[in-house]
Amino acid sequence: MGGGACKELHKGFLDCVHEAGYGTNKCGEQVVKVFNCMCSHPDYYKLMVAVMKYVEEHVLREHGAYVARKQAFMDECRRFL
């Protein structure tokens with residue numbers, strides 16, 4: 001992210017994170033701006049966008065599996081109550 005059209009937006013995001021702290025929700029607007037910028041310049045950021053989309057799909061798939069396991073566990077517990 002050190003180059004390309006989104007360099008300054010990314011720097012702003014990093015500054016926000018360093019200022020607000022890692023794990024904060026205060027930098028969400030900057031994340032959206034960086035991602036939208038990257039999607040607007042696929043020639044430069046194509047690989048990074050592909051990785052981010054893959055991670056998003058994986059997280060959603062794993063979350064769905066977690067919810068299903070949790071529901072099955074709760075259903076099993078209800079049998080004994």
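Brief remarks follow.
- Computed over the range 38-81, the range of Cα coordinates on each principal axis works out to 58, 13, 6 Å, biggest value leading.
- Once C-alpha pairs closer than 8 Å and six or more residues apart are averaged by separation and normalised to the residue number of the chain, the relative contact order reads 20 percent.
- Dipole of the chain [Lys/Arg +1, Asp/Glu -1 at C-beta], most positive-end residue of M48, C16, V67: V67
- At a Cβ-Cβ separation cutoff of 4.7 angstrom, cysteine residues of the chain with no neighbouring cysteine are C39, C77.
- Overall Cα dimensions of the chain - principal axes, largest extent first, Å: 58, 30, 15
- What you get for the range 7-78, charging only the Cβ of Lys and Arg (+1) and of Asp and Glu (-1), is a dipole of about 80 debye around the Cα centre.
- F35, F73, F80, F13 arranged by Cβ crowding within 10 Å, fewest neighbours leading: F80, F73, F35, F13
- Reachable lysines, given that their alpha-carbon falls under 25 Å from the alpha-carbon of K33 and they are not under 8 places away in the same chain: K7, K11, K46, K53
- In Hz, Karplus ³J(HN,Hα) per residue of the range 53-65 (6.51, -1.76, 1.60; θ = phi - 60°; x = Gly, Pro): 5, 4, 4, 4, 4, 5, 4, 5, 5, 5, 5, x, 5
- Karplus-derived HN-Hα couplings along the range 27-37 (A = 6.51, B = -1.76, C = 1.60, θ = phi - 60°), whole Hz, x at Gly and Pro: 10, x, 4, 5, 4, 4, 4, 5, 5, 4, 4
Throughout, read-outs are computed from the coordinates displayed, never taken from laboratory work. What you see is a predicted model, and the numbers here were worked out from it, not measured in a lab. Cβ sites come from the backbone with ideal geometry, for glycine too, and all protein chains shown count toward neighbours.
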